[in-house]
C-alpha cells in the first residue's frame, strides 16, 4: 500500500486557524459504514446517534505549554519543545526535547528562558532531539505553565493566544502530558456530555499522551515500512471492565478520537478483551487491520498522507473515506485541529 493512496486535494483556506465561536458550533459529517451513506449535520446532532447502553471512551490527556522560547548565552534564539519526561532514576526535570536554533545545540549548552529558569543539554542524540535537564527554583511543571507556550500544530499559521489556553483543551482534560490535543474531544461541552449520561450512555476515560508523532510526516512510500513514535497510555480497571461488559452484552463502544482508538486497540487481546494497565502505544493502524474493540469513531478531518487518515481508512474503508473527504471539501467543511467533526458508525 503506497503513501500516495492516502492523498487528497485540500484548499488552504479550509484549514481552520481559529476555533468555532462555541465548542459545539462545528459541523458534523456522519458516515454509515454499513449503508455507505454520508449525511451533513451539526455537531449537536451527534446525540441522535447514541442509544442507551452505548459506551463512550474519552481521552483525558491535557496539553502542556511545551514550547519554550529562550536564548543561548551567546544571544542566539532557541526553541525547545518538550517531548517526553525521562522515566526511571533520572531527575524529574530531565526531558527528551526537540530543539530549533540557528546552529545545533551541543553538549553542555545552556539556554535561558528567564533569569532563574534555564536548560542544559546533556546528550546530543540524533538531531534534532536532545536530552535536556531543566533548572528552576520551584516546581518544574508550574514554571512551564507560566513560561511556556501551547504547541499549536504547524498548519495553524499564528502564535498561540490566551484563548487557546482553554479552547485547545477538552473540557475533561485532567492528566498533564500531551503536546497536542485529542481534537475530536474539543467539540464536546459539559452540557452535551450530561445529555449523553441522561440518555444512558456510559462515559469512561483513558489517557494517551499525544506526542510529536501526530505531526511528523510519513517519509516512506511503502507505508508498511513506517514506524510510529511511542506514546504513553494508561487504561483504568473500571474502563476495561465497562468496555468488556459492553462487548459481552452486544452494546456499542464509541472511541472519541483516534487517540482513544489507538489506546484501546493497543491494549486489546487477540480475542477482543480490553486489558487495563499502562505502557507505550506504538500501534500503526492502516487498511487491513481488524479492529478488536471499537464499533464507532468520532474524529476530526486529518492531513493528507497522515497515519491518522490511514487509521480512519482502516475503520471505514479508504475509498469511502476519500469520497467523504471530497464531499467535505465541496461543502466547505473546516479541516484539522480546530475544524469540523466526523462520526463513523
query = Can we say residue 56 is outside the structural domain of residue 253 (by TED's automatic domain parsing), under 18 Å from the mean Cα position of the chain (by Cα), modelled with pLDDT of 90 or more and not in a loop (DSSP other than H, G, I, E, B)?
reply = no
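Out of 51, 41, I need the residue that is in the same structural domain as residue 198 (by TED's automatic domain parsing), modelled with pLDDT of 95 or more and in a strand (DSSP E or B). Which one?
Details: 51 fails: in a strand (DSSP E or B).
Selected residue: 41, the only one of 51, 41 that is in the same structural domain as residue 198 (by TED's automatic domain parsing), modelled with pLDDT of 95 or more and in a strand (DSSP E or B).
Can you pull out the residues in the range 171-190 that are closer than 14 Å to residue 339 by Cα and in a loop (DSSP other than H, G, I, E, B)? Reasoning before the result, please.
The initial filter retains those residues of the range 171-190 that are closer than 14 Å to residue 339 by Cα, namely 181-188.
The answer is 181, 182, 188.
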note = A careful count of residues in the range 269-283 that are part of a loop (DSSP other than H, G, I, E, B) and either outside the structural domain of residue 236 (by TED's automatic domain parsing) or touching a residue at least 60 places away in the same chain (Cβ under 8 Å) (or both) gives 0
message = Could you check the range 216-238 and list, in sequence order, the residues that are assigned to a helix (DSSP H, G or I) and out of contact with any helix residue (DSSP H, G or I) (no Cβ under 9 Å at 6 or more places or on another chain)?
response = 224, 225, 237, 238
note = When residue 213 is run through (1) assigned to a helix (DSSP H, G or I); (2) under 12 Å from residue 337 (Cβ atoms); (3) in contact with a helix residue (DSSP H, G or I) (Cβ under 8 Å, 6 or more places away or on another chain), the failure sits at (2)
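Please find, among 99, 74, 146, the residue that is more than 30 Å from residue 254 (Cβ to Cβ) and assigned to a helix (DSSP H, G or I). Show your work before the answer.
Numbers: 99 fails: assigned to a helix (DSSP H, G or I); 74 fails: assigned to a helix (DSSP H, G or I).
It is 146.
The values are calculated or read from the model by the stated rules, or taken from the named source; none is laboratory data. Everything numeric here is computed off the predicted structure, so don't read it as measured data. Neighbour counts run over all protein chains shown; Cβ positions are idealised from the backbone, glycine included.
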